[in-house]
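The values are calculated or read from the model by the stated rules, or taken from the named source; none is laboratory data. All values derive from a computational prediction rather than experimental measurement. Cβ placement follows ideal geometry from the backbone for every residue including glycine, while neighbour counts extend to all protein chains displayed.
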Amino acid sequence: MNGSSQIEILLVEDNPNDVELTLRALKKNNIANNIVVVPDGEEALEFIFAKGKYVSRVDEKEPRVILLDLKLPKVSGLEVLEIIKKDPVKRKIPVVVLTSSKEENDIIESYRLGVNSYIVKPVDFEKFVDAVRELGLYWLLLNQIP
Amino acid sequence: MKKIIDSLPLRVSLLYALVAGIWIVVSDNLISNLGVSPLLQTYKGWFFVFVTALLLYFILKKLISRLIIQNNELKVIEKELQEKSSMLNYILDNVPQSIFWKDINSTYLGCNEVFSKFAGLNSPDEIIGKTDFDLPWPKGEADNYVKDDKEVIGNNTIKRNIEEPLQTAEGKRLIINTTKIPLHDSNDNVIGVLGVFDDITDRKHKEEALIESEIRYRMLFESNPHPMWVYDTETFNILAVNDAAIDKYGYTKEEFLKLTIKDIRPEDDINQLIDFVAVRDEKKIDSGIWKHILKNGKTIHVEIYSHKIDFENKKARLVLANDVTERIAAEEALKNSELRHRSTLENMDEGYQIIGFDWRYIYVNDSVCRQAKKSRKELIGYTMPEAFPGIEKTKMFSMLKNCMKQRTSAIIENEFKYYDGSSGWFQLSIQPVPEGIFILSLDITERKEAENQILKLNAELERRVKERTKQLEDINKELEAFTYSVSHDLRSPLRAIDGFSKILLEDYSQLFDEEGKRLLSVIRNNTSQMDLLITDLLSLSRVAKTHFKMSVVNMKEMAISVFEEILSHKQKDRFKINITELPEICGDDSLLRQVWYNLISNAVKYSSPKENSEIEVSYITQKDYITYYIKDNGVGFNPDYTHKLFGVFQRLHSASEFEGTGVGLAIVERIINRHKGKVWGEGKLNGGAVFYFSLPIEENCNERQQSN
């Protein structure tokens, strides 16, 4: 999936089932081709800040949008969000929280930390596909990044 | 004597002539009758001679002896006269009175020694021939003297006790008391005047002084501000009384003088009074305090002083009464209050002690002895360090020292260690007093022990609370982690099941017959039911977790907007909805909305199968509560199961009849409970249902901010 062209979506998700369903939903809607999946928060940060095994990414462009699960091994999604949004350069990357949780606290905390969008993954696959299409359309096609 | 001398010769001659005559007449006849011889004639002559001679003899003898006796008597008289005359002169010269005598022309004939000295003469003889105007008296006074002389001589009467002035030759002014007596000759003719006077200057002065002092004393009695009276010590009668007594006792003077002193005494004191008067006879008695009774019956206390006097020839006492009623009352009150204070001090629970500047115990009450475990004898007169060796090294003592020197007060709590090793806690209030310092000590041992006990219990309680809180926090954390897991981890597999079932249907649909496709959709229905359950469970747990934000909630608006949310336009036509006025209430806006949501959605859900569904929303006002209710004419429920209405996962209808998780009413109940309200339901099978919830009316809604 790695290519020289710009990474369109960084998907941070530990559950392989969810990864598969998300990717299927994206593909089904023909939204993105360049998608990178990382299984935990630590790796997500290494990717974003070009560290560890992603050192070589130093000069590459930022992903156009980050789809971030909250419940992640090692570094949690909220921590990842906080670090990104505190970084003067990386903060402009749109971050969409894509999670099973509808916990009020999580929603409040995410927006406090500067999340761009908070989307609850519906259990119903058809609704899930709809949700992914909408977010893809918005963040990849309509939204303009400075 | 002269008479005798004058008549005797005559009498003798007459007697002789009588005898001789008689003889001549009778002698011849006598002789012839007797026949006597002529011889007898001769003898007759001789006899006559003899008788006359004898007669002469006796007469002469008697006369001569009488003369001799008379002569002797004369001598004695002459001697007596001489003696009397010298005695008179002696008396004249030695009597203290002045004596003088004058002739009818007030020319001095003589005077005595005393007089001559007043007149400035060297001897009494020099007075003879002088008049008052020759003597050193002032002219006017001399005129008065002569006037008196004339009166006495003229009236021939004695003039006694003439009080008049006299100026001596030395110029001394005297007052004299003169008596002037007329002098008579043997024929009772007035021939002059005899004067006798006394120098009464001193007496006069004394008399005047006496009168003056009597007036003064009378005034002292009459005008004395203290009641005074005089009473007869034998009859007890009141003999005199002053104005102050009249004022004080209320009797008039006349009434007083009819009373005895027994009448102004209480009945019980009379015997004592009688005994007292009988026994005490001193000149002056300070007889102390007695009770007297006024005319109006009031009893007063008087201090009595009395003097023994003679009053109108009666044995009496002069009494002065000083009203000391108020003083006695004041003293009594003072004594009572002192007694009361003392007994209060003695008996009070607090220790009360006064320590002198030399650290000696001046006063301690019983409580101090009890607290110090020492007798009074062991404390009074001893210094603190003597009574409690080592006390001078204690913090408390330095505190006392400070108060003693700086004259400041202090309150301290001090633990006192006894010799026997035990100890007690005391609260000491220290005050500077004129004698030194005053310490009020309160035994607070029990309180201190109780405090310690409380402190220990509190510490224990706090430890337990901490422990319990920690446990609760742990449980809470676990619960939170659990719900967090539920919301994430239970959903993911559901999504996977649903998602992959869908993928199966999409990618491999040609491999499934109709039954296979139905089974896959059953799987997907269950995943969605499971998702609903999870959602409801999470919202139930959120009721407990959410922070309460109390505010005034407009219930009518809220109910209307919830209806709008729940009912689609199409559905609306099927329902007849009646929402009356609903009062505002104090509560959490979002939670109450949840209540309305659940109740209204239930009403809608269970009315749906019927035509002409009616839903009524209204309220009932009670004293402290407002009860809202929602009434439908839907399927209702079996009232036997009313108690199960609000249980979690409890359903009174099967899933095939009505969708649902059995959590909605449980949420309602929890929310209402958190508002300190009540919720209950009434229903009949196919007879509709009514759900009531009552909420307390809060006066100050914004103040009731609550958190879980």
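Quick rundown of the values:
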| quantity | calculated |
| --- | --- |
| Candidate set: the stretch A:44-82, residues that are free of Cβ contacts under 8 Å to residues at least 24 places away in the same chain and among the acidic types (D, E); chosen: the one farthest from A:N17 (Cα to Cα) | A:D59 |
| Condition met for B:G288 (free of Cβ contacts under 8 Å to residues at least 40 places away in the same chain, in a strand (DSSP E or B) and out of contact with any strand residue (DSSP E or B) (no Cβ under 6 Å at 6 or more places or on another chain)) | yes |
| A:D130 being at pLDDT 90 or above, surrounded by fewer than 16 Cβ atoms within 10 Å (Cβ to Cβ) and not hydrophobic (A, V, I, L, M, F, W, C) | no |
| Residue match in the stretch B:267-280 (condition: of a type in the set (F, W, Y), surrounded by 14 or more Cβ atoms within 10 Å (Cβ to Cβ) and outside any helix (DSSP H, G or I)) | no |
| Residues being of a type in the set (F, W, Y) and modelled with pLDDT under 85 - total across the stretch B:661-708 | 0 |
| Residue satisfying condition, being surrounded by 10 or more Cβ atoms within 10 Å (Cβ to Cβ), outside any loop (DSSP other than H, G, I, E, B) and in contact (Cβ under 8 Å) with a residue 40 or more places away in the chain, within set B:L55, B:L92, B:L30 | B:L55 |
| Single residue of B:S539, B:S521 found to be more than 10 Å from every other protein chain (Cβ to nearest Cβ) and either of a type in the set (G, A, S) or over 27 Å from B:R651 (Cβ atoms) (or both) | B:S521 |
| Any hit, the stretch B:490-511, residues being among the polar types (S, T, N, Q), over 22 Å from A:E20 (Cβ atoms) and outside the structural domain of B:H675 (by TED's automatic domain parsing) | no |
| Where a residue in the stretch B:308-320 is at positive phi and its partner, wherever it lies, is at pLDDT 85 or above, with Cβ under 7 Å and at least six apart | B:E312/B:L239 |
| From the options A:L81, A:L70, residue that is under 30 Å from B:V543 (Cα atoms), in contact with a Gly (Cβ under 6 Å, 6 or more places away or on another chain) and not β-branched (V, I, T) | A:L70 |
| Flag if B:T642 is β-branched (V, I, T) and either part of a helix (DSSP H, G or I) or farther than 28 Å from B:D573 by Cα (or both) | yes |
| Test: residue in the stretch B:190-201 that is among the charged types (D, E, K, R) and either without any contact (Cβ under 8 Å) to a residue 12 or more places away in the chain or surrounded by fewer than 16 Cβ atoms within 10 Å (Cβ to Cβ) (or both) | no |
| Residue that is farthest from B:L194 (Cα to Cα) [pool: residues in the stretch B:132-145 that are touching a helix residue (DSSP H, G or I) at 6+ places or on another chain (Cβ under 6 Å) and surrounded by 14 or more Cβ atoms within 10 Å (Cβ to Cβ)] | B:A142 |
| Yes/no for B:N144 being out of contact with any Gly (no Cβ under 8 Å at 6 or more places or on another chain), assigned to a loop (DSSP other than H, G, I, E, B) and either assigned by TED's automatic domain parsing to the domain that holds B:S106 or at positive phi (or both) | no |
| Residue that is nearest to B:N155 (Cα to Cα) [pool: residues in the stretch B:175-189 that are without any contact (Cβ under 8 Å) to a residue 40 or more places away in the chain and part of a strand (DSSP E or B)] | B:P182 |
| Residue tally, condition surrounded by fewer than 21 Cβ atoms within 10 Å (Cβ to Cβ) and either assigned to a strand (DSSP E or B) or at pLDDT 90 or above (or both), over the stretch B:221-234 | 1 |
| Selected residue [touching a Phe, Trp or Tyr at 6+ places or on another chain (Cβ under 6 Å) and under 16 Å from B:L440 (Cβ atoms)] from B:L400, B:L345 | B:L345 |
| Flag if B:G687 is surrounded by 15 or more Cβ atoms within 10 Å (Cβ to Cβ) and either part of a loop (DSSP other than H, G, I, E, B) or not assigned by TED's automatic domain parsing to the domain that holds B:D573 (or both) | no |
| A:K27 vs. criteria out of contact with any Ser or Thr (no Cβ under 9 Å at 6 or more places or on another chain), in a helix (DSSP H, G or I), closer than 18 Å to A:G114 by Cα and at pLDDT 85 or above | no |
| Counted residues, the stretch B:574-585 - those being surrounded by fewer than 21 Cβ atoms within 10 Å (Cβ to Cβ) and modelled with pLDDT of 90 or more | 7 |
| B:V648 in a loop (DSSP other than H, G, I, E, B) and closer than 29 Å to B:M550 by Cα | yes |
| Within the stretch B:591-612, considering residues that are small (G, A, S) and surrounded by fewer than 21 Cβ atoms within 10 Å (Cβ to Cβ), the one farthest from the chain's Cα centre (by Cα) | B:S608 |
| Hey, B:L8 modelled with pLDDT under 75, of a type in the set (A, V, I, L, M, F, W, C), more than 30 Å from B:S65 (Cβ to Cβ) and surrounded by 12 or more Cβ atoms within 10 Å (Cβ to Cβ) or not | no |
| Residue within the stretch B:236-243 that is surrounded by fewer than 11 Cβ atoms within 10 Å (Cβ to Cβ), assigned by TED's automatic domain parsing to the domain that holds B:D323 and under 35 Å from the mean Cα position of the chain (by Cα) present | no |
